[in-house]
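Before any comments, here is the structure.
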Amino acid sequence: MADIILFLPEIVCLVMALVLFFAPVCAWRYSTAWGIAIVAGIAAVSACLWTWPMEGEPFFAGIYRIDFFSQLVKTALALGYLLVVAISRDPRTLRPATWHEFPLFLLLSTVGMMMMVSATELLTLYISMELSAYPLYIVVALHRNRSIGAESSTKYMIQGMVASAISLYGMSFLFGLLGSTYFAALDTQLGALALQPMFWLAVLLVLSGFLFKLAVFPFHFWAADTYQAAPHEAVTFIATVSKVAAVAILCRIAALVLPASESLVHARPVLMWLAIVAMTLGNFAALRQRDLKRLLGYSAVAHGGYILVGIQTLTELGLTAALFYGLGYAAMSLVCFLVVCEVGRDQDTVPIESVSGLYQRSPLLAAALLVGLLGLIGLPPTVGFIGKWFLFSAALQQGQFGLVLFAAVNAAIALYYYLLVIRQAYMVEPVSAQHAEPIRLRLNAVLAAAVATGLVIAMGTFPGFFWNCASRAAAALVG
Amino acid sequence: MPLLSAIMACPLIALGIVLCVPATAVRLIRWTCALSALAAGVLSLHLWHSYDTVAGGMQFVERISWVPSAGISYHLGVDGFSTILVMLNSIVFFTGVLTMWDLEHRVKGFFAFMLMFVIGVYGVFLSLDLFFFYFFYEIAVVPMYPLVLIWGSGNKEYAAMKLTLFLLAGSALLFPGLLAIYHAAGLNSFDMTLLAAHPFDPEFQVFVYPFIFLGFGVLAGMFPVHGWSPTGHVAAPSAVSMLHAGVLMKLGAFGILSVGIRILPAGAVYWAPVFAVLASIGIVYGAFVAMRQTDFKFVIGFSSVSHMGIVVLGLNLAVLGQAGVDALNGAVFQMFAHGVMTALFFSIVGFIYDRSHSKTIADFGGLGSQMPRAVSVFIVAGLCGAGLPGLASFWAEMLVSLAALKTYPMMGVAIIGGLVLTAVYILRVFIQAFFGPPNPRWQGLRQVDLAGWVIVPRALLIGVLVILGFMPRLILDMINGTTIALVENLARLEDLNLLGKF
């Protein structure tokens, strides 16, 4: 039963989820449920760190794999969950009757994502993907304003299901070609399969389910609407934790076909063009937005494109860079959404004007927003800069000079709309007296802001440790 | 003691202190900045003094591996060029802090961003690692947006946005260029000395060089990508204009020199005639536009375009061979001289604006009798710009002109024409603003003329200009060794016969 240790993070989360399940049943106060959720987060992070050096396949060989890659990503997922819960002490955009369920759904989704990154078999992958998706469909619908909740949730759910159906369709192709649902079966047959266009079609179809989570073109339509209309705390989770899982799975699948990357005449240009379209579309659409969350939604589309630049190289370096950037992006995104949650606590939507005069209302939040946005722009000393450096470096290693130039120009265009937000926070006076009152931060929000901003800056100035982790993870993945 | 890291640490420690103290501790913030600037200045003097010009080459090298697997290391070192540019930054930093001593509006933020900028600039001048070079380059660019936006004047929102977009567009060209250099070398190292020694394929160099040159050229205010610089100078507060025109634009020229010309010499040779022509156009164009301006700061802004054209022209002539040593010495000398001169210009214009709340030339007239000291300072800076013997710019402009006359006589004519035009627009300002009949509106200014310690930063800058005007050897001895080594290196490329291929 030594195997059980390998499964520790998932077990911790499941047990805590069971405890949380009793919160609404026994009508505990929200503060109790929240406290349990925090404990769950801390326990999950500790369990993940505990299992860092471990490796193995618990229970059934070939289905579920624990290695450095999976444990690194699980740590990030658990930490993301912890930080999101930490800022959800007072989630006023959620219906008060559903506050208790909120951390439970987040935790269940986290479990799903944890299983997803360890899955090495198609059905396990699919089931864990659905487990991670359904709780999120629900939390989006928990908005206190039912019509807003219904609209954004419906959009999110329908598109998510379509994407997952496409994924499943691709998986059926793969099963047909391989005669097995195990990824391990691919190793022996890859040489022969790589010559078949059908195989690449199947891989691309499988990828699409995860491109949906990453909001990459053509699965990006939900991003703007859901970001804008979902409860702030729920979007924070979708924009951070869920992205990490998506990047991890894209890396996992890309790593599977890596040995055959020479015969990639079909798949690679497709991914490259998806990246190009996603970047351009996200950045140009964001230029016109007046709503902060919607703007961040389009920015997420663009960032999905940047991450895809790393993945489409189909090299170990590219996957390392994508993973590194994915982790960094989650941190930057968390910083920005943390500010959104605090500033827009009582608002259903958060227009850019909401951050006016933020430097007076809360210098700490203004500084956090500055760091987060500098990161998204890609300027030092944040992880956004060095992350892009690694991503573009991986693409240039493959000689894709034009792609890198295009992506760099895109990053310069994106500058404009991020700067408008910075200008609003630092330069413009608040629109009304009601919006000019100082924002008092709770200790939990201050701590979450400190951890997230600290990560953004630490990964940007001392990238050595994080980069080594990412490359160790990618090495474990490629095998 | 690691001297170079100590220089970098001065503003970094000050930044840490400024960020930690409450915003109301204005005096503490000012004194922290002034003392850190002073400390950095003293260390730069020490560096200048102890740089061994006989031995030459890279000295005071420090190296700490940063991300070994990606070939990135924290790698500092100075040659003759960077020594004088570090000195320039220290001078402008110190005088800039003193110039902004009376700032009342959001003091903490201002000095925090200014310190961040200074750290970036020191980093660029000192880094020998291509990654950190670019890292610090971007660090220096970032704070310009809030500095112009929040503390600027006039059309500041437009200026700040234009400036940042232009500079980041330049970075977008640099990004693939720098990474292409790294991957083409295949050394798994961003060490600039190793890359400079690596023989890149000439065709590759010819392909990548324009990206590097134009990317840095934006920051150097090179024609035709100079549009951000006059608008930015005008809108920025005085100390930011000083740092901006005095130091930031030098980063661009320094980048062209230490990445473009050193690492991609064949590309530089191939493209030099084209870019030399652009620089010559910039010299004359900047001067012509400056003649028509009605605002003090716009005159200086366009004069910067014109004067930085001399630097860029010098760099390109250095590559072309015939008078390489003179051209490069002149270009680097001009970086220093123009930095000090512009800092003086913006410092005094800022002073006049603070007292009169006007920057429009036509508003004044006979200001010379009302603010004699301030006007004298302006006149010194103006004459320096026009290349008057006895002031620093004379030597720099003379060296580049001579080199241009030897290489391309037409370009020599362009420079000399540009200098004549400089005299015209500067004298025009003198006549219209300073020596006409006194405007009674400004009678009150007599009481608030430059006096007391406010003179200190301006006197310091004038002192540097005059000392170098009479003793150009101070600079030339420092840079000559580095120049000769670089030009000899370029001369070896002659057998490639790339010149005139364009």
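Nothing in this text is a laboratory measurement; each read-out follows from the coordinates by a stated rule. Keep in mind that what you see is a predicted model, and the values were worked out from it rather than measured. We place every Cβ from the backbone using ideal geometry, glycine too, and count neighbours over all the protein chains shown.
Summing Lys, Arg as +1 and Asp, Glu as -1, what charge do residues with Cβ under 11 Å from the Cβ of residue B:184 carry, residue B:184 excluded?
Details: positive: none; negative: B:201, B:203.
Its environment carries a net charge of -2.
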(request) Calculate, in nm to one decimal, what residue B:420 and residue B:443 gain on full extension: separation in residues at 0.36 nm each, minus their alpha carbon distance. (result) 4.9 nm
(request) Go ahead and run the numbers for FRET between residue B:198 and residue A:472, Cβ-Cβ distance against an R0 of 41 Å, rounding to 0.05. (result) 0.85
(request) Between beta-carbons, use under 14 Å as the cut-off and find the net charge around residue A:221, counting Lys and Arg +1, Asp and Glu -1. (result) +1
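Divide by every residue of chain B the summed helix terms, -39500 (n - 2.57) for each DSSP H run of at least 4, and state the resulting mean residue ellipticity at 222 nm, rounded to the nearest 500 deg cm²/dmol.
Working: 21 runs with 353 residues, N = 502.
Calculated mean residue ellipticity at 222 nm is -23500 deg cm²/dmol.
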(message) Taking the 0 to 90 degree range and rounding to the nearest ten, how far is the long axis of helix A:232-257 tilted relative to the main principal axis of chain A, both from C-alpha atoms?
(response) 10 degrees
(request) Within 10 Å of each Cβ in peptide A:385-398, how many partner chain Cβ atoms are there on average? Round it to a whole number, please. (result) 4
(request) Return the calculated 222 nm mean residue ellipticity for chain A, to the nearest 500 deg cm²/dmol, obtained by summing -39500 (n - 2.57) across DSSP H runs with n ≥ 4 and dividing by the residue count. (result) -25500 deg cm²/dmol
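Pairs of lysine in chain A with Cα under 18 Å and at least 8 positions apart or on different chains: total? List each step's numbers first, then the result.
Values: A:74/A:213; A:74/A:243; A:155/A:213; A:155/A:293; A:213/A:243; A:213/A:293; A:243/A:293; A:243/A:388.
Pairs that pass both the separation and distance tests number 8.
Evaluate E = 1/(1 + (r/R0)^6) for residue B:277 and residue A:270, where r is the Cβ-Cβ distance and R0 equals 60 Å; express this FRET efficiency to the nearest 0.05.
Details: r = 44 Å, r/R0 = 0.74.
After rounding, the FRET efficiency stands at 0.85.
For chain B, what are the DSSP H helices with axial Cα length of 27 Å or more and mean Kyte-Doolittle hydropathy of at least 0.5? Present the calculation step by step, with values, prior to reporting the outcome.
Numbers: long enough: B:26-50 (36 Å, 0.99); B:80-99 (29 Å, 1.76); B:107-126 (28 Å, 2.10); B:156-185 (43 Å, 1.13); B:265-291 (38 Å, 1.67); B:296-320 (36 Å, 1.72); B:324-356 (46 Å, 0.95); B:409-429 (30 Å, 1.90).
Qualifying helices, which must be both long enough and hydrophobic enough, are B:26-50, B:80-99, B:107-126, B:156-185, B:265-291, B:296-320, B:324-356, B:409-429.
Dividing the alpha-carbon radius of gyration of the protein assembly as shown by 2.2 N^0.38 Å (N being the number of residues), what value is obtained?
Details: Rg = 30.0 Å, N = 981, 2.2 N^0.38 = 30.1 Å.
That ratio works out to 0.99.
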(message) If you fit an axis through the alpha-carbon atoms of helix A:197-214 and take the longest principal axis of the Cα set of chain A, what angle between them do you get, 0 to 90°, nearest 10?
(response) 20 degrees
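Could you work out the relative contact order of the stretch B:3-496, using alpha carbon pairs under 8 angstrom and six or more residues apart, expressed as a whole percent?
Values: 889 pairs, mean separation 73.8, N = 494.
Computed value for the stretch B:3-496: 15 percent relative contact order.
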(request) Identify all lysines with a Cα-Cα distance to residue B:406 below 29 Å; exclude those on the same chain that are fewer than 8 residues away in sequence. (result) B:250, B:501
(request) Please give, to one decimal in nm, the separation of the simple spin-label points placed at residue A:446 and residue A:32, each 7 Å out from Cα toward the Cβ. (result) 2.9 nm
(message) 7 Å from Cα along Cα→Cβ at both residue B:19 and residue A:57: what's the point-to-point distance in nm?
(response) 4.7 nm
(request) Report the calculated FRET efficiency for residue A:130 and residue A:431 (r = Cβ-Cβ distance, R0 = 30 Å), to the nearest 0.05. (result) 0.10
(message) Let's test this: bin the Cα-Cα distances of the stretch B:3-496 at 10 Å from zero up to the farthest pair and state each bin's percent.
(response) 4, 21, 33, 27, 12, 3, 0
(request) Tell me the trypsin sites (Lys or Arg not before Pro) within the stretch B:403-502 that lie in a loop according to DSSP and have at most 13 other beta-carbon atoms within 10 Å. (result) B:501
(request) Mind pulling the angle between the C-alpha long axis of helix A:292-311 and the longest principal axis of chain A? Nearest 10 degrees, somewhere in 0 to 90. (result) 20 degrees
(request) Can you check what the net charge comes to around residue B:341, using other residues whose Cβ is under 13 Å from the Cβ of residue B:341 (Lys, Arg +1; Asp, Glu -1)? (result) +1
